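Participant: Pasting a structure here, questions to come.
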Amino acid sequence: MKLLIPGGAGYIGSHMVRYAQEHGHEVVVLDDFSAGHEWAVKDCESLRVNLLDQDKLSQLLKGRHFDGVIHFAAKSLVGESVKKPDLYYRNNVVGTLNLVNEMLNNDVNNLVFSSTAAIFGNPVTDKIAEDHPKNPINPYGQSKRMVEQILADCDRAYGLRSICLRYFNAAGASDDATLGEDWRFSQNLIPHVMKAVLGHSPALQVFGNDFPTPDGTGIRDYIHVEDLARAHVAALDYLSAGNESITCNVGTGHGTSVLEIIAATERISGKKVPHEIVARRPGDPSQCYADAGLITEKFDWSPQRNLDDIISSAYAWHSSHPQGHDS
Ligand code: WQD
């Protein structure tokens, strides 16, 4: 298939680009490179544009047909979204509206949207299914929830079909350690663990050990970024087969605590992870992991990589790329 991948220069997007190319798809990346890196998409055509630049976007996409669009382009830092909500609504919601407008103008009807478990807000059940209440507690989650609703309305009105994939905690790096997260910007746990174990920070701060969990630390569902990439192609195949729009949670269905992540990192690296227990981070739920039965049923997809694969790939990437792609 010929795929347009907005945000293809980012962490998850760049893994998607490579996976799609390795599986015979033609890829065009659309990115403003404000956060992504050109190195990550060096082997394909890339269109340098921000989704908010509607005139340039229209000019670049005019007359170009794609079999599908996989849309990653978004701001995704929860903390930043609380401080700058307008930035998140404009970038994530208005940007997506501009993209959808160009898809409709060029008769491109299949979209896979990068959504998030953050749309659920505080879990009312430990295991989260698609019908879990949706009460986002930050503008990031709210912006993704709004886009999901926009896409549902665009299906009803125009027949633009979409699959929203609600990621839980994307983690890990490429098998050859050439793609990964940039710990200079990521606020996620695993890059911070790697920074501590590799001596680039004095200690990992563990945000609370008084949660009602077996070891007292927060539990999340860590899904390997390579498994995530495979889920997106499975989703496009599902749409290309003429199926209806659907929304799926994407996770392993298992929860892992912060201390378990630390223990796995120490076992795999052979080094101690210096860490200190500090106060809880506001808004952190005690545990949150996916009921991923629907995606397995609909796309015949299930994660093939485990926690050790996540930790070892992240360790190899961060060891060789302390400055991310600028290393
Ligand atoms: C995980 C656990 C923290 C950092 C994510 C992101 C984003 C979204 C899913 C897509 C929590 C603890 C963390 C640290 C710590 N996915 N922690 N010290 O909070 O689940 O949020 O949700 O949109 O990936 O928003 O992920 O990695 O920040 O935290 O103790 O330095 O690690 O308290 O229990 P989270 P996280």
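Participant: Rounded to the nearest 0.05, what FRET efficiency do R184 and K134 give with R0 = 25 Å and r taken as the Cβ-Cβ distance? Could you check?
Facilitator: Efficiency computed from Cβ-Cβ geometry: 0.20.
Participant: As an exercise, use a Förster radius of 51 Å and the Cβ-Cβ distance of A157 and D326 to find the FRET efficiency, rounded to the nearest 0.05.
Facilitator: Between A157 and D326 the formula returns 0.70.
Participant: Could you check the simple spin-label distance between K2 and K298, using points 7 Å along Cα→Cβ, in nm with one decimal?
Facilitator: Going from the K2 label point to the K298 one covers 2.7 nm.
Participant: Can you compute the FRET efficiency between E266 and R90 using 1/(1 + (r/R0)^6), with r the Cβ-Cβ distance and R0 = 51 Å? Round to the nearest 0.05.
Facilitator: 0.75
Participant: Say we join alpha carbon atoms closer than 10 Å with springs in a Gaussian network model of the chain; which of E226, E130, E276 then has the biggest fluctuation?
Facilitator: Evaluated over the chain, the most mobile residue of the options is E276.
Participant: Then there's this: Taking the Cα centre of segment 128-168 as origin, sum charge times position over the Cβ atoms of Lys and Arg (+1) and Asp and Glu (-1), and report the length of that vector in debye to the nearest 20.
Facilitator: It comes to approximately 100 debye.
Participant: What percent does the relative contact order of the chain come to when contacts are Cα pairs within less than 8 Å and at least six residues apart?
Facilitator: This gives 19 percent for the chain.
Participant: Suppose every K and R has +1 on its Cβ and every D and E has -1 on its Cβ; what is the size of the dipole of segment 112-204 about the Cα centre, in Debye to the nearest 20? Don't skip to the answer; put the middle values down first.
Facilitator: Details: 9 positive and 10 negative charges, 50 e Å.
It works out to roughly 240 debye.
Participant: For each of W317, W39, W301, count neighbouring Cβ atoms within 10 Å of the residue's Cβ, then give the residues from fewest to most.
Facilitator: The most exposed by this proxy come first: W39, W301, W317.
Participant: Please state the charge dipole magnitude for the chain, taken about the Cα centre, from unit charges on C-beta atoms (+1 on K and R, -1 on D and E), reported in debye and rounded to the nearest 20. Can you show the working numbers first?
Facilitator: On the way: 29 positive and 41 negative charges, 144 e Å.
I would put it at about 700 debye.
Participant: Further question on the same structure: Where a Cα-Cα gap under 30 Å defines reach, which lysines qualify for K42, not counting those fewer than 8 residues away within the same chain?
Facilitator: Qualifying lysines at Cα under 30 Å: K2, K56, K62, K75, K144, K195.
Participant: Quick check on segment 178-326: of the DSSP beta bridges with both residues there, what percent are antiparallel, nearest 5%?
Facilitator: Here the antiparallel bridges make up roughly 25 percent for segment 178-326.
Participant: In degrees from 0 to 90, rounded to the nearest 10, what is the angle of the helix 11-22 Cα long axis to the longest principal axis of the chain?
Facilitator: 60 degrees
Participant: Can you tell me the 0 to 90 degree angle between the C-alpha axis of helix 307-320 and the longest principal axis of the chain, rounded to 10?
Facilitator: So the inclination is approximately 90 degrees.
Participant: Where is the GNM fluctuation largest for the chain (alpha-carbon springs, 10 angstrom cutoff): L111, L77, L165?
Facilitator: Greatest mean-square fluctuation among the candidates belongs to L77.
Participant: How far, in nm, would the chain grow between E38 and R281 when pulled straight, counting 0.36 nm per residue and subtracting the alpha carbon separation?
Facilitator: Full extension from E38 to R281 adds 84.1 nm.
Participant: I want to verify a result. In a Gaussian network model of the chain, Cα cutoff 10 Å, which of these has the top mean-square fluctuation: K272, K195, K75?
Facilitator: In the Gaussian network model the winner is K272.
Participant: Compute the distance in nm between two label points, each set 7 Å from the Cα along the Cα-to-Cβ direction, one at D215 and one at S240.
Facilitator: Once both label points are built, they end up 4.2 nm from each other.
Participant: While we're looking at this one, here's another question. Using label points projected 7 Å from each Cα along Cα→Cβ, tell me how many nm separate I150 and L97, to one decimal.
Facilitator: It is 0.7 nm.
Participant: Treating the angle as unsigned and between 0 and 90°, give the value, to the nearest 10°, between the Cα long axis of helix 95-105 and the longest Cα principal axis of the chain.
Facilitator: 30 degrees
Participant: Among S14, H25, V108, whose Cα sits farthest toward the positive end of the charge dipole of segment 1-113 (+1 at Cβ of Lys/Arg, -1 at Cβ of Asp/Glu, about the Cα centre)?
Facilitator: S14
The numbers here are math on the coordinates, done by the rules we state, and not lab data. Note that the coordinates shown come from a computational prediction; the quantities given were computed from them, not determined experimentally. So basically every Cβ, Gly included, is an ideal-geometry build from the backbone, and we count neighbours across all protein chains shown.
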